[in-house]
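Contents: one structure, followed by commentary.
The values are calculated or read from the model by the stated rules, or taken from the named source; none is laboratory data. Given the structure is predicted, the values throughout are model-derived calculations rather than measurements. Cβ sites come from the backbone with ideal geometry, for glycine too, and all protein chains shown count toward neighbours.
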Amino acid sequence: MDKSGSKEAKEDKEAKPLRHGYTTGSNAAAATKAALTALIAQEEQTEATIHLPIGQDVTFTIIRCEFNAERAETEVIKDGGDDPDATHGARIIAEVSWREELGIELDGGIGVGRVTKPGLPVAVGEAAINPVPRRMIRQAATDVLKEFDLERGIKVVISVPDGEEIAKKTLNGRLGILGGISILGTRGTVVPFSTAAYKASVAMAIRVAVKGGCTHIVLSTGGRTEKYGIDMYPGLPDEAFVEMGDFVGFALLHCKKQGIKRVTMVGMMGKFSKVAQGVMMVHSKSAPIDFGFLAQVAREAGATEEQAEAILGANTAALVGDWMQEWGYNRFFELLCGYCCEMSLKEVGGGLEIDTVIISMKALLLGSAIRTDL
């Protein structure tokens, strides 16, 4: 026996824990604290320590600090840790200036989006700075004013110079947040590989759709399937199209909770072959493709035992789909879609009309089905 242990065990032992990053909200709060301190003390600030919602104190590096008697501006760089998102590396700037009235006025500048649709946690017309970051920014400023024993009014403007370009990689446009990114965060930290942020964006997108009057939502698993859905329903508004990713069950349950009456799901063979069996979290690591199940559906569609045996040896669901087309068993896709509908209705306990559409990798229609349980 190898006393040195396996290679895998050695790698596990040497593996470093994933590094957390910090939200745009945390960075904005730190920049605000540094800017206000510079304005009051008239001294350059190189770092700022803030208290995060999860109870930790974290020190941020200030990469730029400019000030005069009336205003100060500081800049930080957002670090997304080992789970970098679209805002990783973004420049986040806080400008603080005096105002005549007491209190703290907060607004967004260049690169921070503005809310144009109801259903978000921020009112229409306001800068897309979410409630927790707003509290963090205000608290950071209040702490500095107390430290210097001052009672003066200030105005804080948060900007992200590249925010409008970064926002193109987010769901902001669909949510009605125009002109830049959102300043986000509830914990203060970014948890590596957390699914919470994506699920939250799906839930928010559905709420925005409902607030906009939608009763029919089109859920897709990715960019190509969403585009197909948009082409299918050109009359639906943009907010009716929600990219659910792997979170099929979560999205369906949220649609029902929000009172949606009709849901269309658009996806491809791999993920929807899992939904057809009742697997509602369809990430590749959550459940493998069940080729035995696909072989059985192929038999129901008229495939021979020899063909079913071939399916058992397939390496991808897409290959099975190619064979079904080649062998002329188009009913296979209708059956698969039907099972997706039935399992989805079972997942939510009825109360919806659900139709399922499966497309190929080349965005060609393979099959569809609809089931109602209203």
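General observations
- Any hit, the range 294-316, residues being under 31 Å from the mean Cα position of the chain (by Cα), free of Cβ contacts under 8 Å to residues at least 24 places away in the same chain and under 30 Å from residue 213 (Cα atoms): no
- A search for C-beta distances below 6 Å between a residue of the range 178-191 that is crowded, with 22+ Cβ neighbours inside 10 Å and any residue that is part of a loop (DSSP other than H, G, I, E, B) and acidic (Asp, Glu), counting only pairs 6+ apart in sequence or on different chains, returns 190/83.
- Residues located in the range 92-125, provided they are surrounded by 14 or more Cβ atoms within 10 Å (Cβ to Cβ), in contact with a Lys or Arg (Cβ under 7 Å, 6 or more places away or on another chain) and acidic (Asp, Glu): 95
- Annotation: residue 277 fulfils all but one of (1) in a helix (DSSP H, G or I); (2) touching a Phe, Trp or Tyr at 6+ places or on another chain (Cβ under 6 Å); the unmet one is (1).
- Verdict on residue 319 being more than 26 Å from the chain's Cα centre (by Cα), in the same structural domain as residue 254 (by TED's automatic domain parsing) and at negative phi: yes
- Here residue 239 meets the list (1) at pLDDT below 95; (2) within 30 Å of residue 288 (Cα to Cα); (3) assigned to a helix (DSSP H, G or I) almost entirely, failing just condition (2).
- Out of 128, 141, sole residue that is within 29 Å of residue 244 (Cβ to Cβ) and of a type in the set (Gly, Ala, Ser): 128
- So residue 262, is it under 27 Å from the mean Cα position of the chain (by Cα), basic (Lys, Arg), within 21 Å of residue 341 (Cβ to Cβ) and at pLDDT 95 or above: yes
- Among residues of the range 63-91, those that are surrounded by fewer than 17 Cβ atoms within 10 Å (Cβ to Cβ) and over 22 Å from the mean Cα position of the chain (by Cα), counted: 6
- Strands (runs of 3 or more DSSP E) wholly inside the range 42-117 containing at least 1 residues that are under 11 Å from residue 31 (Cα atoms): 47-51, 57-61, 64-67, 71-77, 91-99
- Candidates 158, 137, 166, 206 - the one that is surrounded by 17 or more Cβ atoms within 10 Å (Cβ to Cβ), part of a strand (DSSP E or B) and in contact (Cβ under 8 Å) with a residue 40 or more places away in the chain: 158
- Options 175, 219, 171: the member that is touching a strand residue (DSSP E or B) at 6+ places or on another chain (Cβ under 6 Å) and either at pLDDT below 95 or more than 23 Å from residue 51 (Cβ to Cβ) (or both): 219
- When the range 152-168 is filtered for residues that are out of contact with any strand residue (DSSP E or B) (no Cβ under 7 Å at 6 or more places or on another chain) and at pLDDT 95 or above, only 165 remains.
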